[in-house]
Amino acid sequence: MIFKGKAWIYEDNIDTDVIIPARYLNTTDPKELASHCMEDLDPDFSTKVEAGDIIVAGNNFGCGSSREHAPLAIKSAGISCVVASSFARIFYRNSINIGLPILECKDCNKKIKTGDILEIDTDKGIISNITSGEIFEARPFPEFIKGIINAGGLMNYAKEVDEKCRQ
Amino acid sequence: MGMTITQKILAKHSGKDFVEPGELVMAEVDLALANDITGPVAIEEFKKAGGHKVFDREKIALIPDHFAPNKDIKSAELCKTLREFAKAQQIKHYYEVGRMGIEHAFLPEQGIVLPGDLVIGADSHTCTYGALGAFSTGVGSTDLAFAMMTGKCWFKVPETIKFIYHGKPNPWVTGKDLILHTIGDIGVDGALYKAMEFTGDTITHLNIDERLTMSNMAIEAGGKNGIMEPDEITLEYVKNRAKKPYEVFRSDPDAAYSDIIDYDVKKIQPKIALPHLPENVVDVEAVDNIAIDQVVIGSCTNGRLEDMRLAAKVLKGHKVHPYLRLIIIPATQQVYQDMIKEGITEIFVDAGAVVSTPTCGPCLGGYMGILAKGERAVATTNRNFVGRMGHPESEVYLSNPAVAAASAVKGRIAHPKEVVCCDI
Ligand code: SF4
């Protein structure tokens, strides 16, 4: 898949409490969650973000709680893809499970600026900065993650694996 | 090549003799857990995927603890979703307000999670049960929905970092200080994707409550789980609680570790994590005069009976600082009752604290003690992220219960020895 949009740059250790503060977890409505996405860190985010935009962050993105509301809020805010130096384990899992494309690319957040236009080919793992002309290579998905994506999400993939395990 | 305790439990539950780090396995779960925040999302996924009946009504736990007793209409609706599903599916481990506790304190206490179990929970602190020698880890709501349907969950077998703690802890140093020290040392992503195995003679000096505190915070270093081999103290603890048979696993002497880290516990003093990351750890004594507005003693990290006993030891005969709120939240109904029986509640109330029914409440900025702009809290909880306990410009400092209690008396961050004349 190819995504194109402008970059939002963030630092290391962006936690699930700033992605979606717990005071808004009394709802599961994706639109309402999106309207509070990143608000404690970047109050402008939810009003300025445009469909297709891309988050580019440092290490350990999504650390903290297991709330699936975090990738949901990002996805329904219009973000097409998240690139980070590394992801927290549960956030990584949740994103794949709900179909939010994520890519690991070391130090991208230091080489790309907020507002740069990026084009990302998730199959090839290529991130092109249209604004600066720079090209970055992301770590390709491990095979089993590709399996989940190709199966159309966790529920389908896990059923496939389950059947294989039974055989 | 031998296996670590983590590998062994994963192998056993996926029907294999041997698994190696990096391998993908589909494993059977002994318990799948969700709460009033993550449960409704999982229930929605379960229904969307055409789920009619859960795989085993005895292997699912649904616990309304985060915003319960219901803090507002919306959270009342979430709890209602959980309750109705539990009723319709006849979920065995559903516990209503008044009979429940914060999930990670409640399940071990009631003997619902046991050594050798494989437990997943749609809550990141599910790693707590590692203290009993179980493999337990946090997952998302979709993972949980799948587990509720099939009884299974997929895992990548993690590499393990072994942490060896040597020596007897200094006065006022608890399991909380050991884990804060560890997170301060390796950082909030120091164990990303990895199992943390806590060993060494120090662990034998720790009671179960302190061990649960250590495993609880493995996630704060990015760890997948935080596990300890069961010993006599563990077996004594589970003996009269276990509701089903269990199995004790231990790491092989030739198991492979990605790293081995040693700590001389005699060099560790009471710690505090400064805002806004659990890795910003310093000695309590190294902190300047920081005035605080609120102290919270509770949560799945430090809301157990030993924590309350420790806080009471410091607070006995003292008064809470005039302009400070001390909020004490026993983690379970049992702790609440034991506190009353032991006279601990009286000590707290006499000191001028408020004592609440079990709930997560302020730990995640839900209710029962939200911070205003610019306010500071010392809390025995596990996270001090921006806005975690209220306003984005408020601050949370993480400590053990004795430091929290001493700080409540002094109105600033304080070492317990400033309040109690003789060291314990
Ligand atoms: S007490 Fe805090 S950390 Fe523990 S389960 Fe509740 S909200 Fe999560």
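A few comments on the model shown:
- Semi-axis lengths (Å, descending) of the ellipsoid that matches the C-alpha gyration tensor of the protein assembly as shown: 35, 28, 24
- A convex hull fitted to the Cα coordinates of the stretch A:1-159 yields 98 cubic angstrom per residue.
- Normalised alpha carbon radius of gyration of the stretch B:273-339 [divisor 2.2 N^0.38 Å]: 1.26
- Across chain A, the mean sequence separation of Cα contacts (distance under 8 Å, 6 or more residues apart), normalised by length, yields a relative contact order of 24 percent.
- Stretchable slack from B:Ile290 to B:Lys266, in nm (0.36 nm times residue separation minus alpha-carbon distance): 6.0 nm
- Unit Cα scatterers, Debye sum, the stretch B:331-424: log10 I(q)/I(0) for q = 0.10, 0.15, 0.22, 0.25 Å⁻¹: -0.29, -0.67, -1.25, -1.35
- Sorting B:225-234, B:74-83 by their mean Cβ neighbour count within 10 Å, with the most densely packed peptide first, gives B:225-234, B:74-83.
- Two-site FRET efficiency, A:Lys111 against B:Ser258, from Cβ-Cβ distance with R₀ of 35 Å, rounded to 0.05: 0.75
- Accessible solvent surface per residue of the stretch A:47-158, calculated while the other protein chains remain in place, 1.4 angstrom probe, Å²: 36
- Peptide A:40-51 - average C-beta neighbours from other chains (10 Å radius): 1
- Within 10 Å of each Cβ in B:186-193, the average number of Cβ atoms from other chains: 5
- Other protein chain C-beta atoms within 10 Å of residue C-beta, averaged over B:210-220: 1.
- Rg ratio (alpha-carbon, reference 2.2 N^0.38 Å) - the stretch B:49-89: 1.30
- Kirkwood Rh and Cα Rg combined as Rg over Rh, evaluated for the stretch B:119-231: 1.00
- Cβ crowding within 10 Å averaged over residues, with B:211-223, B:408-420 ranked highest first: B:211-223, B:408-420
- Long hydrophobic helices in chain B, taken as whole DSSP H segments with a C-alpha length of 18 Å or more on their own axis and mean Kyte-Doolittle hydropathy at least -1.0: B:73-88.
- Protein accessible surface hidden between A and B, which excludes ligands and nucleic acids, total in Å², probe 1.4 Å: 3800
- Computed over the stretch B:16-122: relative contact order in percent, which uses C-alpha pairs under 8 Å that are six or more apart: 38
- For the stretch B:351-406, GluC sites (Glu not before Pro) meeting the loop criterion (DSSP other than H, G, I, E, B) and having at most 16 other Cβ atoms within 10 Å: B:Glu393.
- Binning the C-alpha pair distances of the stretch B:311-363 at 5 Å intervals from 0 yields a P(r) profile of 4, 21, 30, 24, 15, 4, 0 %, listed from the shortest bin outward.
- Computed over chain A with a Gaussian network model linking Cα atoms closer than 10 Å, the most mobile of A:Ile90, A:Ile127, A:Ile55 is A:Ile90.
- Accessible area per residue, Å², the stretch B:175-215 with all protein chains present, probe 1.4 Å: 22
- Computed over chain B, relative contact order equals 17 percent, with contacts defined as Cα pairs under 8 Å that lie 6+ residues apart.
- Here the accessible area of the protein assembly as shown is 50 percent carbon and sulfur, with a 1.4 angstrom probe and all protein chains present.
- For B:Thr332, distant residues with modelled amide H under 5 Å away: B:Ile102
- Shown here are the Rg and Dmax of the Cα trace of the stretch B:173-276, at 14.4, 43 Å.
- Taken along the Cα-to-beta-carbon direction at a fixed 7 Å, the label points for B:Val248 and A:Lys4 span 6.5 nm.
- Karplus-derived HN-Hα couplings along the stretch B:352-369 (A = 6.51, B = -1.76, C = 1.60, θ = phi - 60°), whole Hz, x at Gly and Pro: x, 9, 9, 10, 9, 6, x, 5, 6, x, x, 3, 10, x, x, 6, 6, x
- On the basis of the beta-carbon distance and an R0 of 25 Å, B:Ile233 and B:Asn170 show a calculated FRET efficiency of 0.80.
- Rg [Å, one decimal], Dmax [Å, integer] - chain B, C-alpha atoms: 20.5, 63
- With a cut-off of 12 Å between beta carbons, the residues surrounding B:Arg383 carry a summed charge of -3, where Lys and Arg count +1 and Asp and Glu -1.
- Over the stretch B:1-87, all Cα pairs binned in 5 Å intervals from 0 give whole-percent P(r) values of 3, 13, 18, 16, 12, 13, 11, 8, 5, 1, 0, 0, listed from short to long.
- The stretch B:222-363: radius of gyration over Cα atoms, expressed as a fraction of 2.2 N^0.38 Å: 1.31
- Value of Rg to Rh for the stretch B:233-309 (Rh from inverse mean 1/r over Cα pairs, i.e. Kirkwood): 1.07
- Taking the square roots of five times each eigenvalue of the Cα gyration tensor of the stretch B:204-252, the equivalent ellipsoid has semi-axes of 21, 13, 11 Å, listed largest first.
- All-pairs alpha carbon distance profile, the stretch B:143-191, 10 Å steps from 0, percent: 19, 31, 23, 21, 6
The values are calculated or read from the model by the stated rules, or taken from the named source; none is laboratory data. Here the structure is a predicted model, which is why all the values come from computation and not from measurement. Quick reminder, even Gly has a Cβ in these numbers, built from the backbone with ideal geometry, and neighbours come from all protein chains shown. Only protein heavy atoms, including side chains, enter the accessible area calculation; ligands, DNA and RNA are left aside. Shrake-Rupley method; radii C 1.70, N 1.55, O 1.52, S 1.80 Å.
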